[in-house]
Amino acid sequence: MLTVPAYGATSATEPLTPMRIQRRDLGPHDVLIEVKYCGICHSDISHARSEWRPEPYPLVPGHEFTGIVTATGTDVTRHAVGDRVGVGCMANSCRSCANCRKGQEQYCLRGTTLTYGSVDRDGTTTQGGYSTHIVVDQDFVLAVPDAIGLAEAAPLLCAGITVYSPLRRRHAGPGSKVAVVGLGGLGHLAVKLAHAMGAEVTVLSQTLKKQEDGLRLGADHYCATGDPDTFTALSGSFDLIVNTVSATIDLNAYLSLLALDGVLANVGVATEPLSLNGYNLVAQRRTVTASLIGGIRETREMLDFCAEHHLGADIEIIPAQKINEAYERVLASDVRYRFVIDASTLA
């Protein structure tokens, strides 16, 4: 067992604190990673505070991190010592169910092993990337292309694939009109990716205060949803709307913005029920859908796409000692656009 420094939650109500955790011994198919950078996802806050379910404490969050391979198990073939790698939200799956065989491990029918807060194969609780080292099965470790910096790549492992998946699945590209709801950690990457795919991109945000950023990131248009005239002016405009916000939105208002056969894809997780008028679906054959992250194969594809187009997240690097402050700033939407922890500050 390897004992390593980490930052974690001891309860739903206390700030995160320094701690030491154990990493399992390398198995034949395992990779030991020295973590360099770990992004802070809004869902880290929800898990640390048991907002979605009771969590097993102590809990070390972090499911979008990059680093360097420092050791490998005897049967590892995918990675070698010195490789630049990353890990996202999954640490394992059954590999044998129908969904896993399709490369959709995030929907494993027997339950995906999450990077933190899940029961690992040895019966222990998985602990995430707010730590200096981690042991992960080689099949859930992803090569990070040299064209992307390790710090900018970290948020791609969660935020990036979360928005890439519906964009690719719904064929965003030349001739399509895509709207992105919210310009935050997810939204800013959705804009970059949709623009790189060749779509005409519109940001839908409550106000125009981030308009300059939105246009810089690749948006063609930026509209304020706080202005009721926006919904009238944009009625029937979009082939795809990617909703990245976790707040409750008026689904019916946003459905009115879809063209015939348009799709509203939700990737933010609202904590309150969403109301839907069925007529708004049948009127123009519209679809409301949602998705998690992508599978491992699709995540590799996303990383290669980002490397080809020289894309990474817009980040603010912080020391581990500022994690609790960063949590409050995330909740206040005071980050442009992703906090990334420098893991060297954990030691």
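The values are calculated or read from the model by the stated rules, or taken from the named source; none is laboratory data. None of the values given here were measured: they were computed from a predicted structure. Here Cβ is always computed from backbone atoms with ideal geometry, including for glycine, and neighbour counts include all displayed protein chains.
Key figures for this structure:
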quantity: Long-range neighbours under 7 Å by Cβ, at least six apart or interchain, first residue closer than 17 Å to Ile241 by Cα within the range 273-290, second loosely packed, with under 11 Cβ neighbours inside 10 Å; calculated: Gln284/Leu260; Arg285/Leu260; Arg285/Asp261
quantity: Search result, residues across the range 258-290 that are of a type outside the set (A, V, I, L, M), under 30 Å from Gly88 (Cα atoms) and surrounded by 18 or more Cβ atoms within 10 Å (Cβ to Cβ); calculated: Gly262, Asn266, Gly268
quantity: Flag for Val69 being buried (at least 23 other Cβ atoms within 10 Å of the Cβ) and assigned by TED's automatic domain parsing to the domain that holds Cys89; calculated: no
quantity: Listing of strands (runs of 3 or more DSSP E) fully contained in the range 188-257 that carry 1 or more residues being buried (at least 23 other Cβ atoms within 10 Å of the Cβ) and in the same structural domain as Gly175 (by TED's automatic domain parsing); calculated: 200-205, 238-243
quantity: Contacts under 7 angstrom Cβ, first residue in the range 302-316 being at pLDDT 95 or above, partner assigned to a helix (DSSP H, G or I) and charged (D, E, K, R), 6 or more apart; calculated: Leu311/Lys192; Gly312/Glu152; Ala313/Glu152; Ile315/Glu152
quantity: Selected residue (criterion: farthest from Gly27 (Cα to Cα)) from residues of the range 105-123 that are among the acidic types (Asp, Glu) and in a loop (DSSP other than H, G, I, E, B); calculated: Asp120
quantity: Checking Gly175 against (1) part of a loop (DSSP other than H, G, I, E, B); (2) crowded, with 22+ Cβ neighbours inside 10 Å, the condition it does not meet; calculated: (2)
quantity: Matching entry among Glu55, Glu51, Glu14 (being outside any helix (DSSP H, G or I) and touching a His at 6+ places or on another chain (Cβ under 9 Å)); calculated: Glu55
